Amino acid sequence: MARPKRPNVPVVIDGHEVMAYPDDTVLSVAKRNGIRIPHLCALDGVSVYGGCRLCVVDVAERHKLMPACGTAVAEDMEVHTQSRTLQEHRKLILEMILAEGNHVCAVCVSNGACELQDLAVELGVDHVRPDYQFPRRTVDASHPKYTFDPNRCVLCTRCVRTCSEVEGAHVWDVAGRANGSYLIADLGQPWGEAPSCTWCGKCVAVCPTGALAWKGKAVGEMRHDPNLVAFLTSARDEGEWLDRETM
Amino acid sequence: MAATATDSRAQQDAHPSGDERFALLDKALKRARFEQDQLVELLHTAQEVFGYLSNDVLIYLARQLRLPPSRVLGVASFYHLFTFEAPGDHICTVCLGTACYVKGAEEVVEGTAQALGVPAGQTSDDGRLTLWTARCVGSCGLAPVVVFDGTVLGKQTTDELVTHIREVFAAEDAAAEEEEAG
Amino acid sequence: MRRTNSAPSRPRIATIWLGGCSGCHMSFVDLDEWLFELRRHADIVYGPLVDRKDFPEDVDAVLVEGSVTNTDNLELAHQLRARSKVVISFGDCAVTGNVTALRNLVGEPGEMVYRVYAEHPDRDGQMPSEVIPDLLPQALPLHHVVPVDLFLPGCPPPAPRIRDALTSLLGIDDTPHGIRFG
Amino acid sequence: MAKVIDLDDVAVQEAEARSRYRWRVKVCSSTACDASGAGPARRAVEHSVEEQGLEHDVQVVPTGCMGLCSAGPLVRAEPRGGQATMFQQVDPQVGADIVERHVVGREDLSQHQLDENLPFFTRQERVVLSNAGRIDPERIEDYVAEDGYRALVTALRMRPRGLIETIEASGLRGRGGAGYPTAKKWAMLHDAESDQKYVVANGDEGDPGAFMDRAVMEDDPHRVLEGVALAAYATGASKAFLYVRAEYPRAIKRLEQAIRTAKRQRLLGKNILESDFSLDVEIRTGAGAFVCGEETALLASIEGQRGQPRMRPPYPTERGLYGKPTMINNVETLANLPDIIRRGPEWFRGMGTRVSPGTKVFALAGSLQHSGLIEVPMGLTLGEIIEEIGGGCPNGRTFKAAQTGGPSGGCVPASFRDLPVDFESLRQAGSIMGSGGLIAMDDSVSMPEVARFYMDFSQDESCGKCAPCRVGTLEMHRLLERICAGAGTERDLALLEQLTRTVRETSLCGLGQSAPNPVASTLEHFRDEYTALLRNEPVGVAHG
């Protein structure tokens, strides 16, 4: 379906009327109009996942909260993104995500440039109420170019989707289930021994935390590039080379 | 046409180890016409044939179905009925469904584990017994329920279960001795 | 902050160092000459910078550095909570467990201590036996042990952030930090 | 091509065959009775019949579940044109006695005779289970003799729209959970435009304490198939999947066999009963994942993927299996269809309540005199089910609460005795109907402990996709463990309540959203037990 030249679907977000394209989601139209909705697993350029639940919003006349990333716009849809309840939910969800892994900012390559850390500041998480799980996870430094530290993995599956949908290699997937879910490369062998990996590094670029990083980066030195995927897909599919700096 | 194509696929990728059991898996693969959506069914078959899912089997299925290995392991490890280690000679599964729980199934698990020295979810050191728990086997009227080597045992106490298992072991030992003597 | 008794006594501030590296206290010392300003508004009645053995009664606010990692910390945590009006988790170790809680990933305290003192020392490794308080099974954030009123994250919290916290707490007239053009 | 079955012919032949026997001795061969020793009992009956030379007078029929599993193995001796007698706890000796002393000698075996005037039997109204325990599930003739496949014949003469209207008039609601109107779902699939549509029978009964669907699939497999065919015809689907738990090998075997037979008789497959309607039916087995009872997770599992739910909308009726419009109906819902078509929607509306018409099958278990499988009209009160049908708690214990709906449901306290058991009332009481597990708990039970049990289940069965369910259920379980151990604090309880809200409102799928229900309902009705535990006081009277 080709997009019309101009957005033509009126949507009301937090009292502001904005115009959306028919194929917009609540998150994409909000983003284009400078309305910030916190999100973690959503990534432009790959499929919608809807796992982190941080982008839940209130849509009038729907009985349930809806994830902005996976909710298609409709004419005159009325959306609220910042109610007190929503903020409380988001805060607790983020606390849960922090409690589930071993997120030690002080010794992390992504300290100071981490989407998870930034979300904590944004949502006012100054401490974590639920019990820390302190899971025992082993760092995988077998790859010659990259490291994978599962302690910092939030199971957003950005890397899984990017590797499968953009690179086409499908090195990564999630194994196990429930709180025993974990990321695997190929058949669960060390990443460096996974034959399907092309060393392209796109999974590293899109990781929101320090879980996937360039080898040799010290604390606070890692800079991810999550816009890379939107750049590649729009270049390939639309013939549009977007400006990665301003995306 | 399709049949010959899939036939040649099985032939060309036939397992190099020459393990006969792979032939059985091949048969199931052909029946499933190598369709990727049959993965769960084929994992069932593989587990029936091999007893558990080794890396070898998983990679074989991945190759035959033309699926990424991480997808195959991802799916297999999602479902609780699939196991990745060889179970013991005998499998004792204690139901922990609500009805069984209310009637003290947790005590049966703990008691049996202690009496026979097999932690729940594991196999004894001599490989003789695997003690598993299950989420409701659907025989709630007989709670607490135990499934021993496929046979449903109702209204079990720790003593009854332990005695039953010891009897099975003793009968086996006797048979083995007889064989040795004879 | 209002004092409950009507006496015009000065606010009593304490700092304490539990399971941490003292980095947060270093940052506190980095307040430099503002420490004199603080001294004009409040008494610092306890802490590594004060020569006093027991945690005093009637403390208005206490900055707690470090996680709760041994029996000694645990006792102090309960004591300081009982004797203070406002408890502030001071720095990431107190707030999240941080680096001190990394030991939770190694396993039982015994295992960890062995690894540190006996397995990997440069020379003459031996296990500590006397004086040192017993380690708790896990190093925990302060608020998982006792109720905490305020959280001051950072590893360490930078001095201006500490200053902002104290000025707003004590009602000291001060320019907030971290706001500037250029 | 195979010859089309002549239903009248088969029914007449079957009636004739039966009338040749003076007695029919039915032996319950369900999984539960088998576990109690129904196999040896049946062999004893058969052996005894042979020994007495009664092969031409007495027919031994292995049947499905007779219901009162707690008294198994069960046997029912039916003299031609006379009053049947039911026997309980039939061991091989009793089996032989039934033939030698009861059938031949017309003696009473009072010790083992089971009074069929027990409310357990008389208060039931069997539709879905009308054949269970009465017919041999492995013979299609038995089903046909009970008017089986007649509804399909009738339906094929109707327009699909007309069929949907009939179901709408009956007021049938989905038996798998929330009670969504079946006709509405059908209409959505009917109206969806696509070259391929699917119908899926959901037999992934994962609730601990529930085995209703298993009974229907094992004991009356052709009823399920007929229901599937009716649903497919009404909606324009040409392919159906039966998704069955791998834990039910017998149900899978019976259904496989029934599909083969039905195909041979032109009741499934190409040009059913010589009409233009064709339906291919395939079985898919689960592999031990509770979450696959959720519609979108079930579809993912059929597609050979991790059984993780996806966001809705789009709903499966718009984009389901392989991206095509798909409708998922619960097995019990489907099993209701043949009778509704055959006997008319008014008949169906005559049972149950105005908004929840018909019957519901319950797996009655827990602290009860009589437990097993029952089918009752909707709207019977909780007290009637627990105290009359179930006979109340044994050993002088007092009924305290009923758990309905499994891990997605809640606990309804004994004070709700007069609550009519239907979709809306249960929801108002903080629980749900769910698939039909009903577990009675007596005063020895600690309710926070029950909540802990269910939360342990949920944290293990969460699919792991969304953060609130994956982590939230785990954290809730931790808090409950601490509270139950007497080490909880007020803050723990407050956090538990906050987690209850967040997991409920932000989880991705229905199962995540309902996972906190056991906690919420026990907090609502038994808050004093939680606060007692905070004070480290014991809760629930010890057994014995």
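So the values come out like this:
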quantity: Taking the C-alpha atoms of region D:414-460, convex hull volume expressed per residue in Å³; calculated: 97
quantity: Within chain A, helix-based [θ] at 222 nm, where runs of 4 or more DSSP H residues each add -39,500 (n - 2.57), nearest 500; calculated: -5000 deg cm²/dmol
quantity: For residue D:366, residues with placed amide H under 5 Å, excluding near neighbours; calculated: D:440
quantity: Helical mean residue ellipticity (222 nm; -39500 (n - 2.57) per DSSP H run of 4+; nearest 500) of chain D; calculated: -12000 deg cm²/dmol
quantity: Shape parameters for chain B, alpha-carbon atoms, Rg then Dmax in Å; calculated: 20.1, 61
quantity: Kirkwood Rh in Å, taken over region D:404-488 so that all alpha-carbon pairs contribute; calculated: 14.0
quantity: Residue C:49 paired with residue D:256, simple spin-label distance in nm, labels 7 Å along Cα-to-beta-carbon; calculated: 7.8
quantity: Flagged links, alpha-carbon separation over 22 Å, of A:31/D:465; B:27/D:239; D:239/D:324; calculated: A:31/D:465; B:27/D:239
quantity: Anchor residue D:3: lysines whose Cα lies under 21 Å away (excluding residues fewer than 8 positions away in-chain); calculated: D:263, D:270
quantity: All Cα pairs of region B:90-181, percent lying beyond 19 Å; calculated: 36
quantity: ³J(HN,Hα), Karplus 6.51/-1.76/1.60, whole Hz, each residue of region D:122-131, x for Gly, Pro; calculated: 6, 7, 7, 9, 9, 10, 4, 9, 4, 9
quantity: Counting DSSP beta bridges with both ends in the protein assembly as shown, the antiparallel % (nearest 5); calculated: 50
quantity: Top positive-direction residue, dipole computed over region D:100-199 with Cβ charges, set D:198, D:169, D:188; calculated: D:188
quantity: Assigned charges on the beta-carbon of Lys, Arg, Asp, Glu; region D:395-492 dipole about Cα centre (debye); calculated: 120
quantity: Cβ-based charge dipole, chain D, positive-most Cα from D:532, D:426, D:367; calculated: D:426
quantity: Reach of residue D:184 by Cα under 14 Å, taken over aspartates and glutamates that are not fewer than 8 positions away in the same chain; calculated: D:165, D:168, D:318
quantity: Electrostatic dipole magnitude of the protein assembly as shown [Cβ: Lys, Arg +1; Asp, Glu -1; Cα centre; debye, to 20]; calculated: 3100
quantity: Förster radius 51 Å - calculated FRET efficiency between residue B:55 and residue C:150, Cβ distance, rounded to 0.05; calculated: 0.50
quantity: Top of C:18, C:136, C:80 by mean-square fluctuation, Gaussian network on chain C, Cα under 10 Å; calculated: C:136
quantity: Amide H contacts of residue A:212 (H built 1.01 Å from N, under 5 Å, at least 5 apart or other chain); calculated: A:149
quantity: Dipole magnitude (debye, nearest 20) for chain D, charges at Cβ of Lys, Arg, Asp, Glu; calculated: 1320
quantity: Per-peptide average of other Cβ atoms within 10 Å, ordering A:189-202, A:89-102 highest first; calculated: A:89-102, A:189-202
quantity: Estimated FRET transfer efficiency (residue D:6, residue D:343; beta-carbon r; R0 25 Å; 0.05); calculated: 0.65
quantity: Per-residue ³J(HN,Hα) for region D:52-61, Karplus 6.51 cos²θ - 1.76 cosθ + 1.60, θ = phi - 60°, Hz, x for Gly and Pro; calculated: 7, x, 9, 3, 8, 9, 10, 9, 9, 10
quantity: q = 0.09, 0.14, 0.16 Å⁻¹, chain A: log10 I(q)/I(0) [Debye, one scatterer per Cα]; calculated: -0.42, -1.00, -1.26
quantity: For chain D, alpha-carbon Rg and Dmax in angstrom; calculated: 24.1, 76
quantity: DSSP-defined antiparallel bridges as percent of all bridges, chain D, nearest 5; calculated: 50
quantity: Extension gain, residue D:355 back to residue D:195 (0.36 nm per residue minus Cα-Cα distance, nm); calculated: 54.1 nm
quantity: Inter-chain shielding of B:89-99 (mean C-beta neighbours from other protein chains, 10 Å cut-off); calculated: 5
quantity: Relative intensity, log₁₀ I(q)/I(0), of region D:140-348 from a Debye sum that treats every alpha carbon as a point, q = 0.09, 0.14, 0.16, 0.19 Å⁻¹; calculated: -0.30, -0.76, -1.02, -1.51
quantity: Inter-probe distance in nm under a simple model that places probes 7 Å from Cα toward Cβ, at residue C:85 and residue D:168; calculated: 7.0
quantity: Residue B:124 paired with residue C:168, simple spin-label distance in nm, labels 7 Å along Cα-to-beta-carbon; calculated: 6.5
quantity: Most positive-pole-ward Cα, D:36, A:125, D:469, against dipole of the protein assembly as shown from beta carbon charges; calculated: A:125
quantity: Region A:1-121: relative contact order in percent, alpha carbon pairs under 8 Å with at least 6 residues between; calculated: 25
quantity: Nonlocal amide H pairs with residue D:198, under 5 Å, H built at 1.01 Å; calculated: D:326, D:327
quantity: Rounded to 5, the percent of DSSP beta bridges in region D:140-348 classed as antiparallel; calculated: 10
quantity: With 20 Å bins from 0: P(r) over the protein assembly as shown, alpha-carbon pairs, percent; calculated: 10, 36, 35, 14, 3, 0
quantity: Förster-model FRET efficiency, 51 Å R0, residue A:237 and residue A:87, C-beta, rounded to 0.05; calculated: 0.90
quantity: Gap separating the Cα centres of region B:50-87 and region D:101-123, nearest whole Å; calculated: 53
quantity: Shape box of region A:10-82 [Cα atoms, principal axes, largest first, Å]; calculated: 26, 25, 18
quantity: 3J(HN,Hα) from dihedral phi, region D:101-111, Karplus parametrisation 6.51/-1.76/1.60, rounded to Hz, x for glycine, proline; calculated: 9, 7, 5, 7, x, 6, 8, 7, 10, 3, 4
quantity: Reference-scaled alpha-carbon Rg (2.2 N^0.38 Å with N residues) for region C:1-142; calculated: 1.21
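The numbers here are math on the coordinates, done by the rules we state, and not lab data. Just so you know, these numbers come straight off a predicted model, no measurement behind them. So basically every Cβ, Gly included, is an ideal-geometry build from the backbone, and we count neighbours across all protein chains shown.
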